[in-house]
């Protein structure tokens with residue numbers, strides 16, 4: 001556990017309530033260095049905790065969220081976190097990630113829009129939103145920011161770092177960048193690097209946002225309510241939403257049903273909608289109410305830039321730094337992060353002699369199954385955490 | 001062969017050159033009735049032919065093109081068809097569809113932009129482009145327009161109707177709507193109805209076009225050159241281009257390579273491009289030079305509306321009308337029209353006792369394999385046409 005050379009302002013203290021949002025502020029006199037070569041000043045990281053850190057500080061578990069997630073892994077929607085916990089049903093007393101046993105922490109990633117410093121935050125120079133001035137960040141930047149919180153909380157070593165999708169990218173970077181600070185990792189439905197196809201999906205969303213005249217180069221924060229770049233963001237979200245799910249489930253759920261008003265004319269109007277379109281619209285609508293478009297861009301770009309091998313000679317050399325036990329979870333029907341990508345993580349780890357378990361969730365729900373099939377996801381995690389139990393506590 | 005009750009203006013005559021574009025004009029005094037309930041007046045259909053119609057008029061083969069294709073199935077790019085033939089290498093003397101033997105015909109579909117009446121065509125009322133006035137059409141409308149050409153050419157029965165993707169939709173509709181005019185059908189990489197996922201991809205493209213301020217509700221035909229709704233169309237095309245290919249081929253071909261200028265800074269600019277993005281841009285650029293945005297919308301909507309069972313009691317009842325031999329071709333790596341959809345066609349036909357063969361192209365190239373793996377696609381078609389030979393000639 002390193003000595004902090006800066007004050008731990010805003011850090012958790014025993015007795016703080018579970019599931020309420022807290023903030024740490026990085027000291028303003030020194031910048032937070034980014035992979036891209038620039039610095040961010042006055043960084044704030046929002047986080048939530050559940051359970052209690054034990055006296056030995058050995059029962060801490062870090063959860064890492066996905067693209068449009070936030071620190072709110074468990075609990076109802078309330079001020080500061082507009083949606084219920086993204087792993088509600090997994091995280092809590094007596095659940096797979098048992099908060100009676102573990103001190104669970106989840107941050108809103110750097111670049112996010114639910115309390116952590118991101119494009120909508122005030123620039124320290126002028127107090128106006130960063131907008132287009134916000135620099136490109138990487139998953140490694142997110143993880144380095146989380147390391148600061150780790151230090152501030154006085155956690156020498158995470159019992160486990162767990163996350164799905166982009167959360168899983170952070171998990172891998174934790175294992176590689178700070179192996180001495182992590183006992184075990186659980187990457188879920190993720191990959192060692194973004195593939196060309198994944199980048200392509202990301203690029204389509206980026207272009208749609210850029211095309212939206214209300215995006216105005218990222219400087220839309222003075223827009224009237226309801227007058228921001230919501231259409232571009234909604235289209236970007238549509239792309240994600242299709243890749244997050246599966247052909248089968250779409251067919252079962254929506255088939256070729258038309259919206260009621262469109263059914264009267266057999267859907268034979270150019271803008272008449274099938275039910276699946278209304279579903280995508282609904283998800284777009286929900287997202288624009290709770291998520292900042294520039295954050296969506298910045299975080300999406302970080303995912304495209306994800307490559308654990310970058311600057312580390314090779315993929316194998318990077319993965320060789322992962323020496324702690326790992327549980328990798330894939331989803332049978334995932335079209336965005338197909339199971340060959342999780343098997344690749346498992347194979348690389350096994351080949352180098354790192355203890356590795358691979359579990360495949362058998363689900364028709366596609367990528368989102370890690371947020372849906374909670375039983376199948378939770379069980380192996382619970383078992384894995386318990387197996388490790390004797391080692392770290 | 002029905003008696004024509006209208007003059008066959010512009011129809012093919014013996015001695016006309018192969019592969020040059022021809023036009024037929026439907027008589028202007030009567031409208032062409034559409035599925036949507038409206039009429040089109042002064043319809044023109046562009047078409048090309050290869051080979052010679054035999055005296056018995058029994059050697060005619062109809063090819064049906066896909067979304068952004070046109071009548072130019074074979075031959076180099078030249079005026080009137082800005083790209084080389086989409087089945088160059090399949091259609092020609094001595095090739096799989098042997099133009100020494102068959103009289104091959106391909107139309108530009110109704111709603112298209114390469115000579116057939118579409119949104120860019122002059123409205124008969126005022127001579128200005130239809131624009132948003134162009135009605136929604138269906139694949140059945142396309143096929144009924146092709147029937148008019150069939151009559152005008154004096155072809156009692158097609159030896160075979162062949163096509164991939166949206167072309168395959170037309171093929172199925174030919175078999176169902178006009179079974180007495182078709183000896184055999186070859187649907188390739190297609191489906192009996194557009195699934196929710198396929199509709200979702202289409203919807204994303206539609207929204208991107210609608211979002212483009214230069215689309216102007218479809219009334220952009222007075223735009224300066226280079227000032228049309230090209231960005232929206234390019235984004236729509238990106239979606240298609242990703243679904244037309246495969247994860248594997250994208251990884252092999254592009255990996256995570258950055259464009260040269262972007263590599264200097266590790267791609268760490270928000271708009272720095274990976275090579276795969278530049279590839280998608282390139283395809284978008286190519287399309288906007290040769291394709292009308294409103295045609296893209298209208299034809300895309302027709303595909304979403306494709307459902308052979310619509311208004312025919314059931315899918316099974318519709319398919320029961322197909323009594324002629326069929327060869328159905330699927331592609332192993334197709335993510336847009338997965339092989340279960342072609343197997344479904346084959347199963348439905350087999351179950352009702354219709355002679356049916358299913359062939360699967362083993363290719364990593366995804367949906368586009370029907371335009372790439374010409375050998376694997378051409379061989380079974382050649383064999384199928386020859387097997388039928390004795391029956392029809």
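The values are calculated or read from the model by the stated rules, or taken from the named source; none is laboratory data. Please read these numbers as outputs of a predicted model, since none were measured by experiment. Cβ coordinates were reconstructed from backbone atoms using ideal geometry, including for glycine residues, and neighbour counts include every protein chain displayed.
Annotations
- A residue that is more than 13 Å from every other protein chain (Cβ to nearest Cβ), assigned to a loop (DSSP other than H, G, I, E, B), touching a helix residue (DSSP H, G or I) at 6+ places or on another chain (Cβ under 8 Å) and farther than 30 Å from residue A:134 by Cα can be found somewhere in the stretch A:330-349.
- Evaluation of residue B:160 against the conditions (1) more than 15 Å from the chain's Cα centre (by Cα); (2) in contact (Cβ under 8 Å) with a residue 40 or more places away in the chain; (3) within 9 Å of another protein chain (Cβ to nearest Cβ) shows that the sole unmet condition is (3).
- Flag for residue A:336 being surrounded by 20 or more Cβ atoms within 10 Å (Cβ to Cβ) and under 20 Å from residue A:180 (Cα atoms): no
- Among the residues here, residue B:118 qualifies as touching a residue at least 40 places away in the same chain (Cβ under 8 Å) and within 14 Å of chain A (Cβ to nearest Cβ).
- From B:107, B:83, residue being closer than 22 Å to residue B:16 by Cα and surrounded by 23 or more Cβ atoms within 10 Å (Cβ to Cβ): B:107
- Every residue from the stretch B:303-320 that is more than 14 Å from residue B:170 (Cβ to Cβ) and surrounded by 16 or more Cβ atoms within 10 Å (Cβ to Cβ): B:304, B:309, B:310, B:312, B:315, B:318, B:319, B:320
- Boolean, residue B:213 is facing chain A (nearest Cβ under 8 Å) and surrounded by fewer than 21 Cβ atoms within 10 Å (Cβ to Cβ): yes
- Qualifying residue in the stretch A:87-95 (condition: more than 18 Å from the chain's Cα centre (by Cα) and on the phi > 0 side of the Ramachandran plot): yes
- Residues that are under 21 Å from residue A:65 (Cα atoms), within 14 Å of another protein chain (Cβ to nearest Cβ), assigned to a loop (DSSP other than H, G, I, E, B) and touching a helix residue (DSSP H, G or I) at 6+ places or on another chain (Cβ under 6 Å) within the stretch A:289-329 comprise A:306, A:308, listed in sequence order.
- Hits in the stretch B:96-120 (condition: touching a helix residue (DSSP H, G or I) at 6+ places or on another chain (Cβ under 9 Å) and at positive phi): B:111
- Count of residues meeting criterion [under 24 Å from the mean Cα position of the chain (by Cα), in contact (Cβ under 8 Å) with a residue 24 or more places away in the chain and more than 8 Å from every other protein chain (Cβ to nearest Cβ)] in the stretch B:247-282: 3
- Subset of the stretch A:61-89 (residues that are farther than 26 Å from residue A:151 by Cα and either touching a strand residue (DSSP E or B) at 6+ places or on another chain (Cβ under 9 Å) or assigned to a loop (DSSP other than H, G, I, E, B) (or both)): A:76, A:77, A:79, A:82, A:83, A:84, A:89
- When residue A:181 is tested against the conditions (1) buried (at least 24 other Cβ atoms within 10 Å of the Cβ); (2) touching a strand residue (DSSP E or B) at 6+ places or on another chain (Cβ under 8 Å), the lone failure is (1).
- Restricting attention to the stretch A:172-207, the residues that are away from chain B (no Cβ under 14 Å) and assigned to a helix (DSSP H, G or I) add up to 9.
- Test result for residue B:360, farther than 26 Å from residue B:83 by Cβ, modelled with pLDDT under 95 and surrounded by fewer than 20 Cβ atoms within 10 Å (Cβ to Cβ): no
- Applying the set (1) closer than 22 Å to residue B:182 by Cβ; (2) within 14 Å of another protein chain (Cβ to nearest Cβ) to residue B:54 leaves exactly one unmet item: (2).
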